[in-house]
Structure formats: C-alpha cells, structure tokens
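First up is the structure itself, then whatever we jot down about it.
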Amino acid sequence: MSSSKCTKFRTEPFEYNAALVCRDVPASLAAHALRREWSEVDLQVTRDEQAGYLAALRKVDVEFAVVEPNEEFPDCVFVEDCAVVVEGRALITRPCAASRRKEVDEIRRILRDDLRQKIYEIEDADATLDGGDVLFTGEEFFVGISKRTNSQGAMALAKAFPNYSVSSIKITDQLHLKSMMSMAGPGILAIGRSKEAKSALQQILQKSNFDYCTLTLPDDEAANCVYVKGFLLHCTKQEYPESYKVFEEKFPNDVRIPIPNSELHKVDGGLTCRCILVQKPF
Ligand code: CIR
C-alpha cells in the first residue's frame, strides 16, 4: 500500500453493527435487471452468490435487516443504490433508472422503523443519486458524477451531511464511482488500475486534505470490496487471480472472506451494492 504523509484516520465511522440486505434475488433479475451489455444470467447461480454473501455477513456477526425480493423490481438486490447512511442519518436517494425509483420505499421503511435511522429526503425533483456513486471514506464524501448521478444529487448529499465535505468526481465509462474503488479499511482506498480509475484517483488526491493509503488492484471490479467489523469481503481467486494475490499479500487470511460475484457482475453488480451498512442505536 502506498502513502506519502501519514494521516491518523478515525475508525468509529466504520463501526457498523447492522446490515440491510435483500433476502434473495427476484426471478425477474435474469431477464429484466439493467445491464450495460446484454448477457444471459443463470438465476440459480445469482441466488447462490447472494446466499454466500449473506453467510459471510452472518460470519462477521452483524445484525440483519431484510428486504424481501420484489418481482416488480428486478434490481432490488442492489440495495446500496437506495440510501446513503452515515452515523445514524439515512439519505434516501433518487435512483436514476425509472425502473428503480420505487425500490427506495421499502428501504426507507426498514431504515426508519427497524434500524432507527433518521431519514433525510431529496427535495430537488431534478436530482438523481445512486448510492453506488457515493464513497464515504470515514472523513469525507466523494460522489461520482456519472450517467446515474448528477450535480443536483451531489448537492442533496452535501445538504444531508453538512458535517462532511463532499467532492464531485467525474466518471465517464464506469457505471458508478464505486465500480472501481471502495474503502478496504479506515484510510485504505482500494482502487483499480484502468485509465478511468487513475483519473478518478487523481481527482480525489487533488480535492482531498487527507492522505489515504492506496491499495491498487489490477482489476477495477476487484477494487469494490466491503470492510466490515475488521473483515474484508473481496473477490475470489477464480474471478480475478491477480487482484486476489494482492489481497492475499496485504491482509491476513483470517480477516479475508472471498465472495463469488461473477453472475451478478453480468448485471453490473459489485460487492458493496448488496448491502447498506448501518450503526443501529442500542
Ligand atoms: C443497475 O444497473 O442499476 C443494476 N443492474 C446494478 C446496480 C449496481 N449497483 C451498485 O453497484 N451500487
């Protein structure tokens, strides 16, 4: 991992004790989930992948809040896009895709009633914001301005979280900002090696006052990992052997949990997009 200065990063923003997840994949995902390039999807494999994901979260011992799969919403397993939750505040997003707009209703209810988060809404009807475009580093937010998220969406994020700075990062090719990066621990920014990932990193370094350690992965997709309770859910050796090697070298075996994602990746799903991590009040 590389870093020039040494910033002391706070760990509390990462102290999640609950996860909102979809109980299973709806059958409608196979034919109707959005995807940038058409690809046949094996429903049973996606269901096995989701079961593996839930098993991993059980292993790290977070409380579960579950949204039922809804056949009307083929993309509903990708809960991350529906809300941005930090320190007890939940901003309900306005997903750009029309087919995903109403997914937020059930997510809002669970965040408010079961996970006892304070709900914030986006008032600007022109704003679009997908949770996959929002990277919270523990110190600040970066928001991808992409085909899914616009500057009004970024402004709504800044309004909901006035204690944190929000910097916009221009995205051209990838679906979301987090399609090529995520936090692999407090202060550790996992990032891919594509031209677009490099451009995003450059923008981050220019706009940030913090000195993150960067964990560079050969594959953008592998840079989407989930840090929770000291564990790291990341790609498998079969899917991304070169990136897997990096995780193997940098993290002890007993904190790493490889998660298969190749089938859900066909509909542009990564690992972060299948949960919303939350600090539920005791
Ligand atoms: C979509 O296009 O909206 C879904 N098929 C994939 C969403 C992935 N979301 C995410 O990475 N946060």
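The values are calculated or read from the model by the stated rules, or taken from the named source; none is laboratory data. As the structure is a computational prediction, the values presented were derived from the model and not from experiment. Reconstructed Cβ throughout: ideal geometry from the backbone, glycine too, with neighbour counts over all protein chains shown. These area figures cover heavy atoms from the full protein model, side chains too; ligands, DNA and RNA do not enter into them. Shrake-Rupley method; radii C 1.70, N 1.55, O 1.52, S 1.80 Å.
With respect to the cross-link table entries 8/118; 207/237; 8/266; 147/250; 195/250, which display a Cα-Cα separation exceeding 31 Å?
207/237; 8/266; 147/250, as the Cα separations exceed 31 Å there.
When the Karplus curve 6.51 cos²θ - 1.76 cosθ + 1.60 is applied with θ = phi - 60°, which whole-Hz ³J(HN,Hα) does each residue of the stretch 81-87 get, with x for Gly and Pro?
Each residue's phi maps through the Karplus curve to give 5, 8, 7, 10, 10, 9, 6 Hz.
For the stretch 18-278, what is the accessible area per residue in Å² when the probe is 1.4 Å?
41 Å²
Among residues other than residue 69 whose Cβ falls under 13 Å from its Cβ, what is the net charge (Lys/Arg +1, Asp/Glu -1)?
-4
What number, in percent, do you get for the relative contact order of the chain if the mean sequence gap of Cα pairs under 8 Å and at least 6 apart is divided by its residue count? Provide the component values of the computation, followed by the final result.
Values: 605 pairs, mean separation 68.9, N = 282.
The normalised contact order for the chain reaches 24 percent.
May I ask you to evaluate 6.51 cos²θ - 1.76 cosθ + 1.60, the Karplus curve with θ = phi - 60°, for each residue of the stretch 126-131 and list the ³J(HN,Hα) values in order in whole Hz, giving x for glycine and proline?
The phi angles translate into 8, 6, 10, 8, 9, x Hz.
Just to be sure I understand: if I project the alpha-carbon convex hull of the stretch 18-278 onto a plane and average over all orientations, what area do I get in nm²?
Details: hull surface 49.0 nm².
Mean shadow area of the hull around the Cα atoms is 12.3 nm².
Using θ = phi - 60° and the Karplus form 6.51 cos²θ - 1.76 cosθ + 1.60, what ³J(HN,Hα) does each residue of the stretch 199-205 get, whole Hz, x for Gly and Pro?
5, 5, 5, 4, 5, 5, 5
The stretch 111-141: which trypsin sites (Lys or Arg not before Pro) are DSSP loop and have at most 16 other beta-carbon atoms within 10 angstrom?
116
Ignoring any ligand, DNA or RNA, what whole percent of the accessible area of the stretch 163-282 comes from carbon and sulfur when the probe is 1.4 angstrom?
50 percent
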